[in-house]
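Throughout, read-outs are computed from the coordinates displayed, never taken from laboratory work. Nothing here was measured: the structure is a model prediction, and the numbers come from that model. Here the Cβ is made from the backbone with ideal geometry for all residues, glycine too, and neighbour counts use every protein chain on show.
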């Protein structure tokens with residue numbers, strides 16, 4: 001059961017963080033970063049399968065599949081921004097976390113412009 | 001299973017904390033500071049390797 005392993009890693013690192021928190025807090029933060037990396041490595045194969053399913057579905061649809069790459073890029077940007085922002089929130093630096101979130105939103109807006117233009121063209125084409 | 005990294009970091013952290021106390025009791029404040037910094041740098045190197053590996057994996061998974 002994959003979920004048991006994920007919860008196990010989370011609880012073990014939580015206990016280690018608790019023991020480290022009194023003497024030196026920076027190690028607690030480093031352990032939380034390492035634990036989140038490990039958990040991502042565990043769910044990585046499942047993400048790959050989910051993306052494969054997404055691509056199969058888009059292949060069935062006759063419409064152009066160029067936007068699937070963009071959607072995957074946006075998901076990756078969102079995930080990395082959230083990863084960094086949560087670490088900053090854990091460390092108590094919510095100002096830096098909000099800046100990272102802002103950067104993520106800006107990047108997502110930029111990468112999603114082709115989709116917007118495609119939608120607008122589609123609407124113009126439909127309008128009589 | 002790559003949970004050893006978490007255990008290694010915790011081991012270095014505890015070791016540095018103990019060394020810190022011992023050196024402080026022995027009256028060598030600056031060596032205590034040096035050991036904490038050295039331990040922190042070592043752990044930072046491990047973590048940076050892990051984060052770069054994470055970002056490479058993200059790129060391969062999301063086919064960027």
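Taking every alpha-carbon pair under 8 Å whose residues sit at least 6 apart, chain A reaches a relative contact order of 18 percent.
Along its principal axes, the range A:1-60 has C-alpha extents of 57, 23, 10 angstrom, given from the largest down.
Only helical DSSP H runs with n ≥ 4 go in: add -39500 (n - 2.57) per run for the protein assembly as shown, normalise by residue count and round the 222 nm mean residue ellipticity to 500 deg cm²/dmol. After summing the helix terms and dividing by residue count, I get -31500 deg cm²/dmol.
Residues A:1, B:34, A:18 in ascending order of nearby Cβ atoms (within 10 Å, fewest first): A:1, A:18, B:34. Ranked by how many other Cβ atoms sit within 10 Å of their own Cβ, fewest first, the residues A:37, A:88 fall in the order A:88, A:37. With all projection directions averaged, the alpha carbon convex hull of the range A:50-98 covers 4.0 nm². Distance between the pseudo-spin-label points of residue B:33 and residue A:46 (7 Å out from Cα toward the beta carbon): 4.7 nm. Ordered by the count of other Cβ atoms within 10 Å of each Cβ, fewest first, B:12, A:9, A:89 give A:89, B:12, A:9. For the protein assembly as shown, taking Cα atoms only, Rg and Dmax work out to 22.1, 87 Å respectively. Size descriptors for the range A:62-128: radius of gyration and Dmax over Cα atoms are 16.2, 56 Å.
On the basis of the beta-carbon distance and an R0 of 22 Å, residue A:120 and residue A:70 show a calculated FRET efficiency of 0.90. Each listed q (0.14, 0.16, 0.24 Å⁻¹) maps to a log10 I(q)/I(0) for chain B from the Debye sum over equal C-alpha point scatterers, namely -0.53, -0.62, -0.95.
Taking 0.36 nm per residue of separation and subtracting the Cα-Cα distance, what length does fully extending residue B:49 through residue B:21 add?
7.1 nm
Averaged over the residues of B:4-17, the number of partner chain Cβ atoms lying within 10 Å of the residue Cβ comes to 6.
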